[in-house]
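The values are calculated or read from the model by the stated rules, or taken from the named source; none is laboratory data. What you see is a predicted model; the values in this text were computed from it and never measured. FYI the Cβ positions are ideal-geometry reconstructions off the backbone, even for glycines, and counts take in every protein chain you see.
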C-alpha cells in the first residue's frame, strides 16, 4: 500500500511538472514578446520548478543499479551553469525578438533544469530537492539583476539622472555594453531599449509585434482605438511610454504596454527625464519623418 501511495505521488508530481514545463516551453511560440527581460526570467524560474518536479518523478523510476554513481556529479554541477548561461543578457534581447531561437533557448533551459535535478537525485537520494530550490532561486535572482542578468535598477539608479556622464557610466556598469564617452542620446537610447526589454515588443524593422514597430513611428499618423488619429510627436511618444493606459492604439492588445516605465523613467529621481529623452531620440533616429516636433527638448549631445 505504501509503495502504491509513493507511485501515485510520483505520477502526480510528474504530470504537474510536465504541464508547468510545457507552458514555459511553448511561451515563446505563443507570446514571447509580452514582457520585459527581467520579468521573463521570473517565468524561467517557474519553468525550472516544473522541470525539476518532472525530473524528480523520473528519478524515482531509476533502476537501483544506476543510482549513486560518482559520475552523476558531473551533469549535476555543469547543467545549472549551462542553463544560466542561456539567459546571458547581451544575447537574450536578441532571442526575444526571434521566436524560434527563443523557443530553442527555452528548450535548452528546460533540458538543463531536468538534467541538473535528475543527476543530483541520482547522485544522492534527496539531493534533487535542494538542487530544484537552487535552480528556481538562480532564475529568480537573475530577474533581480544578480548573476549574469542585469536588472534595470543599476541602469536607472539616481546617479544616472545627474547627466550624460552619469548615465553612460551607469549604462556600462549595468548592461555590460560599452558606450563611447561622447555617445549621442540616440545611441544611449538604443542601449536602454535593449536593457529594458523594449525591443521585445517593438521591432525596429517595420514588422508588427505586440506593440507598434519603431521604424517610421515618429512623425507618422497613428490611429487610436477610439477612431481618432494623432501624429506621433514628442508629447505623443512621451504619453505612450509613461501613460500607456490612456493611449490605446488601434490593432494592438489593450494593457500590453506595462505602466512601470513611468516610475523608472520619470518622477523625483529623474527630474530631467534624461533616459526617457534618450529613448525618444532613438525612436526618432529610426524615422524618416523626424522633425523638431518629434524631438525631445534637449540637445542630441552629451551634457558637460
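Would you mind stating whether residue 65 is over 28 Å from the mean Cα position of the chain (by Cα), at pLDDT below 85, in a helix (DSSP H, G or I) and at negative phi? Criteria met by residue 65.
Answer yes or no: is there a residue in the range 106-122 that is at pLDDT below 90, within 20 Å of the chain's Cα centre (by Cα), farther than 30 Å from residue 276 by Cβ and surrounded by 22 or more Cβ atoms within 10 Å (Cβ to Cβ).
Going residue by residue through the range 106-122, those that are at pLDDT below 90 are none.
Looking through the range 106-122, none of the residues is at pLDDT below 90, within 20 Å of the chain's Cα centre (by Cα), farther than 30 Å from residue 276 by Cβ and surrounded by 22 or more Cβ atoms within 10 Å (Cβ to Cβ).
Taking the criterion of being farther than 22 Å from residue 100 by Cβ, at pLDDT 90 or above and under 21 Å from the mean Cα position of the chain (by Cα), the residues of the range 194-241 that qualify are 212, 214, 240, 241. Criterion first (touching a strand residue (DSSP E or B) at 6+ places or on another chain (Cβ under 9 Å) and assigned to a loop (DSSP other than H, G, I, E, B)) does residue 212 satisfy it? When the stated conditions are applied, residue 212 passes them. Looking at 77, 39, just one residue is assigned to a helix (DSSP H, G or I), surrounded by fewer than 21 Cβ atoms within 10 Å (Cβ to Cβ) and modelled with pLDDT of 90 or more, and that residue is 77. Residue check: residue 237 meets all listed conditions (1) part of a loop (DSSP other than H, G, I, E, B); (2) surrounded by 18 or more Cβ atoms within 10 Å (Cβ to Cβ) but one, namely (1).
Residue-wise test of (1) modelled with pLDDT of 90 or more; (2) surrounded by fewer than 17 Cβ atoms within 10 Å (Cβ to Cβ); (3) touching a helix residue (DSSP H, G or I) at 6+ places or on another chain (Cβ under 6 Å).
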{"position": "245", "(1), (2), (3)": "no, yes, no"}
{"position": "253", "(1), (2), (3)": "no, yes, no"}
{"position": "257", "(1), (2), (3)": "no, no, yes"}
{"position": "260", "(1), (2), (3)": "no, yes, no"}
{"position": "263", "(1), (2), (3)": "no, yes, no"}
{"position": "269", "(1), (2), (3)": "no, yes, yes"}
